[in-house]
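Down below is the structure, laid out as structure tokens.
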Amino acid sequence: MTSTPTATEEPAGAPREDAPAPGGGRARRVALYVLGRLTTAVVSLGAVIVAGFFLFRILPGDPVRAMTEGREVSLEQQEELRRQFGLDQPLWAQFLDYASGLLRLDLGVSFQYREPVADLILERLGPTLLLAGTGTLLAALLGLFLGARAGWRPGGRGDRVNTAVALFFWSVPTFWLGLLLIVLLASGRGFFPGLFPTSGMTGPDATGFEAVLSTAHHMVLPVVTMVAVIYAQYLMIMRSSLIDEKGADYLTTARAKGLRDALVRRRHAVPNALLPTVTLIFLNLGQVVSGVILVETVFSWPGLGYLFYSGLHVPDLGLVQGLFVLFAASVILMNLLADLVYPLLDPRVRP
């Protein structure tokens with residue numbers, strides 16, 4: 001004898017109206033994950049802004065006195081300049097004015113150039129992105145290629161040579177390597193005297209396609225300096241990841257199917273070993289923008305790094321604060337992108 005469901009009972013297997021929608025729990029976890037990362041990024045940027053403002057206020061030197069150096073300026077004129085730039089206000093009032101400007105995307109005015117800091121950044125952003133982008137791309141390609149070859153046969157001659165060379169350049173100070181390349185290849189006293197220019201981005205009269213070639217010629221030494229210093233990071237991460245992948249079962253299965261060793265490495269091992277390196281690339285994209293300061297200074301490359309260096313001499317508080325916020329924001333943004341992209345590439349770390 002079978003019983004029929006009453007009005008208060010539900011047939012077996014029938015969906016409940018109060019049951020959560022399929023995937024609702026996962027969507028909530030993803031939303032919380034993204035919200036947590038965004039909150040961390042905003043808090044980090046706020047802390048950097050506060051620290052940067054007060055840090056640059058303790059730099060030695062008087063901005064107004066530096067701006068008027070070599071000119072006959074009365075004390076009244078100096079006080080007027082301080083009033084125009086807000087330097088006569090209490091420190092807390094200067095910070096509130098600076099923070100309110102940042103909320104309006106106003107980075108302030110440069111004491112040295114008498115122009116908005118945002119305009120100066122836009123003028124110099126292109127050369128920095130060109131130099132940093134080219135150096136990062138070449139360093140990543142070189143490091144991944146050599147790291148894959150070194151990690152596939154760890155302990156071999158190629159592994160020892162590649163690792164030793166990479167670690168040597170990684171430990172060399174950037175400015176020292178740049179100066180050494182100038183002495184050897186550009187100063188007229190090295191092995192190949194006068195082979196490359198020592199400063200600038202293009203020749204004085206270069207136009208059209210000639211300007212492109214001149215820019216490429218001027219980029220050789222700065223790019224070589226950047227690549228030599230940072231490619232070791234990609235090599236070591238790729239080498240370590242590939243060594244971890246070598247003992248995986250799927251590689252044993254691929255070899256059992258008769259695939260050649262080179263195909264097993266290229267089609268199976270390397271794609272999986274690339275995951276940690278992708279995160280490193282995102283992190284370096286933020287750090288490279290600020291890391292080119294030394295390279296641009298040594299080679300007088302007209303980018304943001306050289307602009308930051310020139311602002312420190314005055315000190316140009318508006319300029320160095322704006323660039324400091326930009327450099328910090330680029331690092332924080334790339335960290336955020338790495339946190340958001342990595343779960344898409346590796347299902348094992350998905351929220």
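The values are calculated or read from the model by the stated rules, or taken from the named source; none is laboratory data. What you see is a predicted model; the values in this text were computed from it and never measured. Positions of Cβ are generated from backbone atoms using ideal geometry, with glycine treated the same way; all protein chains shown enter the neighbour counts. SASA here: full protein model, heavy atoms, side chains in, ligands and nucleic acids out. Shrake-Rupley method; radii C 1.70, N 1.55, O 1.52, S 1.80 Å.
Here are the numbers for the structure shown:
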| quantity | calculated |
| --- | --- |
| Accessible-area value, His218, 1.4 Å probe, nucleic acids and ligands omitted, Å² | 20 |
| Accessible area of Met201 in the full protein assembly, 1.4 Å probe (Å², nearest 10) | 50 |
| Contact order normalised by residue count of region 72-206, Cα under 8 Å, 6+ apart, percent | 7 |
| In region 151-251, chymotrypsin sites (Phe, Trp or Tyr not before Pro) in a DSSP loop with at most 12 other beta-carbon atoms within 10 Å | Phe191 |
| Ordering of 142-149, 87-94, 126-133 by packing [mean C-beta count within 10 Å, highest first] | 142-149, 126-133, 87-94 |
| Amide H within-cut-off set for Val109, under 5 Å, with H built and near neighbours excluded | Val117 |
| Heavy-atom accessible area order for Glu76, Glu123, largest first, 1.4 Å probe | Glu76, Glu123 |
| Net +/- balance of residues flanking Leu326 in space, Cβ distance below 15 Å, scoring K and R +1, D and E -1 | -4 |
| List Glu115, Glu79, Glu245, ordered by accessible area with a 1.4 Å probe, largest first | Glu79, Glu115, Glu245 |
